[in-house]
Amino acid sequence: MPKLYLKEYARALAGREVFIACREGVLRGHFQDIIADIKFLVRHGALTTLIHNMPNRFANQKLIKQLENRLPATGIIRISPEIDFYDAVLNHRQTMFKVLFLERRYLIDHQGNKINAITTGRVRESMEDFGDLIANVNFKGAMACICQKIEAGQCDRVHILPAGKNTIKHELFTVEGAGTLIANNFQEEFRQVQTDEEVAIVHRILEMYKRSGFLKPRTKAYLDHNRHRFFITAIDGIVVGCVEQKLIDPQTVELAALAISTRFRNQRVGVHMVKSFMALMHAHGYTRFISLTNNPRLEALYTQLGFVRESRPEYRERQAQSPDVSMFCKIDAPLV
């Protein structure tokens, strides 16, 4: 069960408009779950609008009435079934903060893997990969409209979610997310851990990598006691990655516990975090950087940023603590 971080994530939604769009079949198949998730958003300060295309015929009157009665704080917009649903949703308002499309599944790449977060540029480059992307052949055409809306600055965030129990809640209030996020203007911030809630989120991210065997375990008590050594990257105010500062000698600092939420892999968060960390350490007089990892993603990242895989003699003691782990070094000044 994903961990909900209500306080921090609700802060990003409070007073903001969230549009939830779902077609008739999706709404019918997940009626109770969708209502429950929308009520959850309302309780946490979001301004919600539900957009659907359920025909206004006699057989649907009971469901339509239930929506009105059970979601009194939510605007309900019915799109005629004869109108293109996605076009109508995206053009409902000139500007929209967040749009959630509830579908059969999230976006997938050509290998069948879930796409967690993607920019419009990457969407256009990968359009041919999105064959049966969400079991809805009409959605491929909608992708171009979504990109146009975002690129025109008329929509900040579009989410593609598999309809189901708690999926909206898990998409907006967890580290992992439940679907695919499409956006361009991610606001990145690099800084030291500040709050107990941020400590908890860092612990959650590190636990994911510990289970993969790429990180030694770090307890929440350890993180809390050493929070001054942990730095985070936050996107839109939400923690998505972390790195631990370990001082080796007066000139050398180790990048330890470097981890990025699976939600934001392949979005250059790692590049931003490593460069920001090194710039901050440079300002404090450190000119040599090391990191030990067997994570193929981090190995590729370090190589890209000019690190060299080598176990230098001056760091023999540190290497001995992790004898089976590769050491990567970047020396920005000659040894003194």
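The values are calculated or read from the model by the stated rules, or taken from the named source; none is laboratory data. No experiment lies behind these values; they were computed from the predicted model shown. Here the Cβ is made from the backbone with ideal geometry for all residues, glycine too, and neighbour counts use every protein chain on show. When the accessible area is computed, the model is the full protein with side chains, heavy atoms only, and any ligands, DNA or RNA have been set aside. Shrake-Rupley method; radii C 1.70, N 1.55, O 1.52, S 1.80 Å.
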What are the residue pairs meeting all of these: first residue in the stretch 46-66, first residue farther than 16 Å from Arg23 by Cβ, second residue surrounded by fewer than 13 Cβ atoms within 10 Å (Cβ to Cβ), Cβ atoms under 9 Å, and 6 or more apart or on different chains? Ala46/Ala14; Ala46/Gly15; Leu47/Gly15; Leu47/Ala73; Leu47/Gly75; Thr48/Ala73; Thr48/Gly75
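Anything in the stretch 237-264 that is of a type outside the set (A, V, I, L, M), at pLDDT below 85 and buried (at least 16 other Cβ atoms within 10 Å of the Cβ)? List them, or say none. Steps first, answer last, please.
Narrowing the stretch 237-264 to residues of a type outside the set (A, V, I, L, M): 237, 241-242, 244-246, 249-252, 254, 261-264.
Now restrict to residues that are at pLDDT below 85: 237, 261-264.
Once the filter is applied, which keeps residues that are of a type outside the set (A, V, I, L, M), at pLDDT below 85 and buried (at least 16 other Cβ atoms within 10 Å of the Cβ), the stretch 237-264 yields Ser261, Thr262, Arg263, Phe264.
Would you call Val271 in a helix (DSSP H, G or I), modelled with pLDDT under 95, closer than 24 Å to Asn116 by Cα and within 24 Å of the chain's Cα centre (by Cα)?
yes
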Suppose we keep only residues that are outside any loop (DSSP other than H, G, I, E, B) and open to solvent by 40 Å² or more (accessible area, probe 1.4 Å) within the stretch 170-189. Which one would you say is farthest from Tyr222 (Cα to Cα)? Glu188
Strands (runs of 3 or more DSSP E) contained entirely in the stretch 5-117, each with at least 1 residues that are closer than 16 Å to Gly179 by Cα and of a type in the set (D, E, K, R): 96-103
In the stretch 197-215, how many residues are under 16 Å from Leu292 (Cβ atoms) and in contact with a Ser or Thr (Cβ under 8 Å, 6 or more places away or on another chain)? 1
Restricted to the stretch 152-169 and to residues being open to solvent by 30 Å² or more (accessible area, probe 1.4 Å) and in contact with a Lys or Arg (Cβ under 9 Å, 6 or more places away or on another chain), the residue farthest from Thr233 (Cα to Cα) is Gln154
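Among the residues of the stretch 19-48, count how many are open to solvent by less than 20 Å² (accessible area, probe 1.4 Å) and closer than 17 Å to Tyr86 by Cβ. Outline the logic, then answer.
Taking the stretch 19-48 as the starting set, the residues that turn out to be open to solvent by less than 20 Å² (accessible area, probe 1.4 Å) are 19-22, 26-27, 31, 34-35, 37-38, 40-41, 46, 48.
Now restrict to residues that are closer than 17 Å to Tyr86 by Cβ: 19-22, 26-27.
Residues flagged as open to solvent by less than 20 Å² (accessible area, probe 1.4 Å) and closer than 17 Å to Tyr86 by Cβ within the stretch 19-48 amount to 6.
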Could you count how many residues in the stretch 250-308 are closer than 21 Å to His203 by Cα and charged (D, E, K, R)? 4
Among (1) part of a loop (DSSP other than H, G, I, E, B); (2) within 32 Å of the chain's Cα centre (by Cα), there is one condition Phe289 misses while meeting the rest; what is its number? (1)
Considering every residue within the stretch 208-227, establish whether at least one is modelled with pLDDT under 95, open to solvent by less than 30 Å² (accessible area, probe 1.4 Å), part of a strand (DSSP E or B) and of a type outside the set (S, T, N, Q). no
